[in-house]
1. Quick test of your reading of the structure: Val634 fulfils all but one of (1) surrounded by fewer than 23 Cβ atoms within 10 Å (Cβ to Cβ); (2) assigned to a helix (DSSP H, G or I); (3) aliphatic (A, V, I, L, M); (4) at pLDDT 90 or above. Name the failing condition by number.
2. Would you confirm, using the coordinates I've provided, whether Ser272 is of a type in the set (Ser, Thr, Tyr) and under 27 Å from Val215 (Cβ atoms)?
3. List every residue pair whose Cβ atoms sit under 6 Å apart, with the two residues 6 or more apart in sequence or on different chains, where the first one lies in segment 472-488 and is farther than 19 Å from Ala382 by Cα and without any contact (Cβ under 8 Å) to a residue 40 or more places away in the chain and the second, anywhere, is crowded, with 20+ Cβ neighbours inside 10 Å and not aromatic (Phe, Trp, Tyr).
4. So in segment 111-155, with the set limited to residues that are over 20 Å from Trp284 (Cβ atoms) and part of a loop (DSSP other than H, G, I, E, B), which one is most open to solvent (accessible area, probe 1.4 Å)?
5. So, in segment 310-367, of the ones that are modelled with pLDDT under 90 and within 25 Å of Trp632 (Cβ to Cβ), which residue ends up surrounded by the fewest Cβ atoms within 10 Å (Cβ to Cβ)?
6. Condition (residue is in contact with a Cys (Cβ under 9 Å, 6 or more places away or on another chain), closer than 22 Å to Ala433 by Cβ and open to solvent by less than 50 Å² (accessible area, probe 1.4 Å)) applied to segment 518-528: is it met by at least one residue?
7. What are the residues in segment 485-502 that are open to solvent by less than 10 Å² (accessible area, probe 1.4 Å) and either modelled with pLDDT of 95 or more or under 25 Å from the mean Cα position of the chain (by Cα) (or both), if any?
8. In segment 636-695, how many residues are under 28 Å from the mean Cα position of the chain (by Cα), among the hydroxyl-bearing types (Ser, Thr, Tyr) and farther than 20 Å from Leu615 by Cα?
Amino acid sequence: MTRAFLRLVGLASLGAGLVPVVTVTCDRWTSRHAFSPGFVFEMGGTALALTAAAAFYALLRKLESRLDARAREQAEFLDRLPARYTGVAIVGAATLSLLLELAVIRWQGTVFEFFAFYKNFSLLCCFAGLGLGYALAGDQRLPLGLTIPLLAGQFALLIGLRFGLAGWLSCLTVLPFREQLNMGLPTARTLPQAVTIYFFLSLVFLLTVLAFIPVGQLCGRLMERRDKLTAYGLNLLGSIAGVALMLALSWLWTGPLVWFAVCLGGVLLFHSRKRSVLLAGAAWAAAAMILLAWPVAPEWQRIYSPYQLLELSQGPRGWLVMRAAGHYYQRVHDLARSNPEVERDPQLRHIRDYYELPYRLYGAPTDVAIVGAGTGNDVAAALRAGAQHVDAIEIDPAILEAGREHHPERPYDDPRVRAIVNDARSFLRTTRATYDMVVYGLLDSHTLLSHAASVRLDSYVYTVQGLREARARLKPGGVLSLSFSVISPELGRKIFLMMRDAFDGRPPVCVRAGYDGSVIFLQAMDRDLVVPARLLQAAGFQDWTAYYADATLRADVSTDDWPFFYMPRRVYPLSYLVMVGLLLLLSFLVTANFVAERPRFSQAPFFLLGAGFMLVETKGITELGLTFGNSWQVIGVVIAGILVMAFLANWVVQRLRIERPLLPYLLLLASLALGWLVAGTGGLPSTTVGRLGTAVLLTCPIFFSGIVFSTLAAARGQIAGIMAVNLLGAMCGGLLEYNSMYFGFRALYVIAAALYGGALVWETTLRRSPGLAPGVSHSVSLEGE
């Protein structure tokens, strides 16, 4: 096994050396300067990188026997662990694996924009590594000592590419998915760009998988020392602890330096107690910490909020500028009446007119709700307009705090303002207050709802149902104003149609303001809003209502079932299939590197259960987030709650000694069918009873699937092999989740039911065939080199 593992490590190192070569070639190809003098210099630098990678690979070959001996010692160390400590060790290893998984997912998204928008990719990489690690749990070599060096290598590669070689990055900052053109990022439009980005993703996949294989081996090897269901229950407890620990670290606004310090410290705890091994591990951990602490952008203050990486700096006028996920996010303006620069500077005057336009249409409001209050520009505008009470709703506490500290007009210190840290959709749904005006700021999330779904944090704010709920909070004669940075005509048309549907067919007034590419969509509660032409002319704005009313602009509205606001049309994500195919191919090649004997078909139910569980979990996270709010606390509690349900299911199987899975299968399928029917009616009402009913409805499939899994696991082979196949099935489920981008989330019920139904058919019919007698061992047999 050691030789196979080192072969992949060597391949990864050579790939890391090739990344600059491929990137520079792509950049020069795209810019048509292939034979400039700079090209010769850059190719010389890339040649040095490739030479260093080749030298590292040669060093690995020389150290192979020593590393093999260390891997054997590590496995023997775990086997000698006293039985009384194995339970604690299983919990600790599971905590480590989940915390490391969440840390890697978050960190990758802070370095490259692609991973911030598509966390599912990072999640699937972790699943592949852990699944293969569980499958290799019985091997006599466990290269846990290579996990920290591999993580340090990934830190060096990604940080070096992103910040050290910024001039070569044009090909690595594009998106390979053409379906989401309105994300604000460029897309791959040439073959060299596509080749470069997919080569880069392949390398990140390989590095992540290799780092997680020993961790999966660690978990699986420890679980094999206890009764299967007891070991599985302890593993779930550790997973719950991992989620809770990450929630605590998020609550403290800690960054990658702290996340990985905890994770790498945990890895060192499981190292063999040989002094040289511990010193080497500590040295690599110190190197990893130095890389993470390196001041890559000293001109920007970095804040890790519970949601994303925020970077703060000063703009040309001396006021705050903010980036999120590496992109411009928002800036602070001093537009106070007492600032004489506003009248002298046409640009500042234009910006003030943009923020104050809705209030000039309505007049002086009494009560205002600001959705996406951000650093306070919209709040300051409401106060300048004479608002007597302002509810400022902002989901990210770090953004709110930045506005409180740095906004020159001090809007959040005004006694008329109530700052509310909450999900905007949840607040509007649950509040009893009504308002003269509901104003949507330039609310544009740069992060996902969770690591398991393709839904962004603000997706449920921009749905027809969300806008209807906002309209319901208006007083008679009230006005709703929605501003958005519209970067394509189709996106503007989409917002137009959603506003029209939310206001019973009355189209909104669309004003192109020009500030940050924004268009303001306005409509009144119970009348057709009219914007005087002289008002627009005085501000230099344009009426674009007729433009977005043009039916030749094709767009599909976002709904709670299909909340993909940044996809103008509901089209099947064909370009995603390239990434799906790439992940499957890489998974097959990595697995084939280790597997001498493929898993027997009797493991198929666990694969199908893993895929189905992933879909049900995704549906549960998105739906419960919609019901209770998409704040980080709610999502964290939901994920922990899902694990608790799985733990309770395992406990029920142990206590009641359930041996036949037929009834749990039928209850599982029935709960999925009920969920599908309720989703088709628009869900349960937003009352306390309705929300509790939604929670029960969404967690019942998780509970029953947990009973099925534990019942089957108790009667089968080694728990490590079962966990391996189940995790690989979950990876497949993560890929199937992309179907929701066309069919909607309700369709996940159907896909999950088909997977669970397939597992039931296998259990009741195919498994009884002569070739699969009950006496056959059902473990995954993997032989290393």
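The values are calculated or read from the model by the stated rules, or taken from the named source; none is laboratory data. Nothing here was measured: the structure is a model prediction, and the numbers come from that model. Note that each Cβ is placed from the backbone with ideal geometry, even for glycine, and that neighbours are counted across all protein chains shown. For accessibility, only protein heavy atoms count, side chains too; no ligands or nucleic acids. Shrake-Rupley method; radii C 1.70, N 1.55, O 1.52, S 1.80 Å.
1. Here Val634 clears every test but (4).
2. yes
3. Partner pairs satisfying both residue conditions: Val486/Gly492; Val486/Val519.
4. Gln140
5. Here the residue is Tyr328.
6. Yes, segment 518-528 has at least one match.
7. Leu491, Lys494, Ile495, Phe496, Met498, Met499, Ala502
8. Total satisfying the criteria: 1.
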